[in-house]
1. Quick check: is even one residue across segment B:292-302 assigned by the TED database to the domain that holds residue B:125, touching a residue at least 12 places away in the same chain (Cβ under 8 Å) and in a helix (DSSP H, G or I)?
2. Of everything in segment A:1-18, what is within 14 Å of chain B (Cβ to nearest Cβ), assigned to a loop (DSSP other than H, G, I, E, B) and either out of contact with any helix residue (DSSP H, G or I) (no Cβ under 8 Å at 6 or more places or on another chain) or farther than 20 Å from residue B:7 by Cβ (or both)? Give them in sequence order.
3. Read through the list (1) within 8 Å of chain A (Cβ to nearest Cβ); (2) more than 24 Å from residue B:200 (Cα to Cα), then give the number of the only condition that residue B:156 fails.
4. If a residue must be crowded, with 16+ Cβ neighbours inside 10 Å and either part of a helix (DSSP H, G or I) or out of contact with any strand residue (DSSP E or B) (no Cβ under 7 Å at 6 or more places or on another chain) (or both), how many such residues does segment B:282-291 contain?
5. Which residues, taken from segment B:19-57, are crowded, with 19+ Cβ neighbours inside 10 Å and facing another protein chain (nearest Cβ under 8 Å)?
6. Out of A:205, A:279, A:246, A:253, report the one residue that is loosely packed, with under 14 Cβ neighbours inside 10 Å and assigned by the TED database to the domain that holds residue A:306.
7. What tally of residues in segment A:59-79 results from selecting those that are at pLDDT 90 or above, closer than 20 Å to residue A:7 by Cβ and surrounded by fewer than 16 Cβ atoms within 10 Å (Cβ to Cβ)?
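The values are calculated or read from the model by the stated rules, or taken from the named source; none is laboratory data. For clarity, every value in this text was computed on a predicted model and none was experimentally measured. Here the Cβ is made from the backbone with ideal geometry for all residues, glycine too, and neighbour counts use every protein chain on show.
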């Protein structure tokens, strides 16, 4: 029979295609690649089961490889569906499972059912898919680990005038160092990088490498948040303007500082946690819940792209002036 | 109410999402952007009408702008659906209609329903979406018009190791020079560029610019044909190997030449037409019906990408040897 590898699209259970839905209904076993599943609506697995009227088995990314045999078991005699949020092949993550199906004996036919992914949704920014260079992923920095090889890739794109889609990091099924050292298998709450942290890391990396192709006030960007969902939010502006959207006003900052100063019992760690929570709340107020991605606009910006992207400009943005002066986009 | 701009996905009427299907059913008028519609299955409009149980209005690309007012008419009081094959915003073609809806008074809310496009389907080549640079479109050359600015864009990608998706030209609703000069409005049969012509033009442009980044025997490529359809065909190899797949054998070539020589009544124009028909038949035998696209593989090829792409190698292909020797892809 067939191993169906099916994209679920961007936002919720109704983003599957009619073809994908039929394939699911024809399948004896249905796996959901769970790394991405938590990105969607709450209770996603249950919503799928209700829609499909069938049980759905969670397959964790790190175990798909180990469990490939059990996933493929019986696929020679009955259809099996493997569901992936977005498009199933936008990263190479699942090619191993597919290769294994093809190489098994007897060989299991594989059918890919594509769907929209964030790489498709970039069109909603108004920028043409044609004008994008390579996509980068920006990982969470920690105190002592700040990888920034992605910066040079943004530079490669910008130097030839191309736009860049920057995907923000997601941490799921993460264990604390403490738990690991004690041998306790317990996962931390999932973490998602939001627009302000994404931009902060980009600007910080740009400063530390003294690059000339990225500038807080002269580089345009477009925040793409919860694309394809009911809460989709698109905001354009300079990098600094987008960052400022989630900064406290002077008054707020003073009030918070006063509050922290007054709380003499709070430890430095507690205060840090409190500040992080405030920053997160402000980021979510400005840009909504995760997932967030960012498009960094390249110099080949076309007037049609500019006009559409400018319709999402944040209040008092200099988007059009920067497009004219720094991007020479004048028509 | 809402203007729905809905992607229909890659291949046939069942590639619409459940969400898109519901939006269509809730719409009072349904437009189909017809430029792309002919790319799909025969009788596509009728198949949509049967599935939707509603009439579908064809909107020609060149008239969408002119007819925007009539498309948007009534959208303030009833839902209107505008259908586009693939993803509706992968090119900027429809941003004008969307901007106009937003700017009309009262403003018409717009909802984009994304779907897979050829830019998503590249994942089926085994290459990671992350490693692609800009996409290029290769137009049909004529005797006296051979634009090749796309070559430098392929070069920009290859110089930084990135893959390139090359889209082949489509000519629909084309008029002959003769008809135009006589004022006759009559359209030629649609024309689609097939893999052999696409590769021939790429190699010809590379030769005439003496570029060092593209070589028939040392550049790998992957032909993506009718992606997402039942007749999907993926073939990988060097550019020359893919080209050779549609070349006549020596014996065939001799037989055809003899046939042409024997036909003393045929004019040179007739012979040219006959040769073109033979070339087209061979191209379709090797790669199937259109649409065809080509991925040109960049030097940043990862071993996982290589293994998957190599599973589609044409008979006797040197894919793995070239990956090792020219791409330094050795693991």
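1. The answer is no, given that none of the residues of segment B:292-302 is assigned by the TED database to the domain that holds residue B:125, touching a residue at least 12 places away in the same chain (Cβ under 8 Å) and in a helix (DSSP H, G or I).
2. Within segment A:1-18, A:2, A:11 qualify.
3. Only one criterion is unmet by residue B:156, namely (2).
4. Residues meeting the conditions: 5.
5. Within segment B:19-57, B:19, B:21 qualify.
6. After ruling out the rest, the residue left standing is A:253.
7. The number of residues fulfilling the criteria is 0.
Matching residues to (1) under 25 Å from residue B:162 (Cβ atoms); (2) in contact with a strand residue (DSSP E or B) (Cβ under 6 Å, 6 or more places away or on another chain); (3) surrounded by fewer than 19 Cβ atoms within 10 Å (Cβ to Cβ):
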{"residue": "A:148", "(1), (2), (3)": "yes, no, yes"}
{"residue": "A:153", "(1), (2), (3)": "yes, yes, no"}
{"residue": "A:168", "(1), (2), (3)": "yes, yes, no"}
{"residue": "A:171", "(1), (2), (3)": "no, yes, yes"}
{"residue": "A:185", "(1), (2), (3)": "no, no, yes"}
{"residue": "A:198", "(1), (2), (3)": "yes, yes, no"}
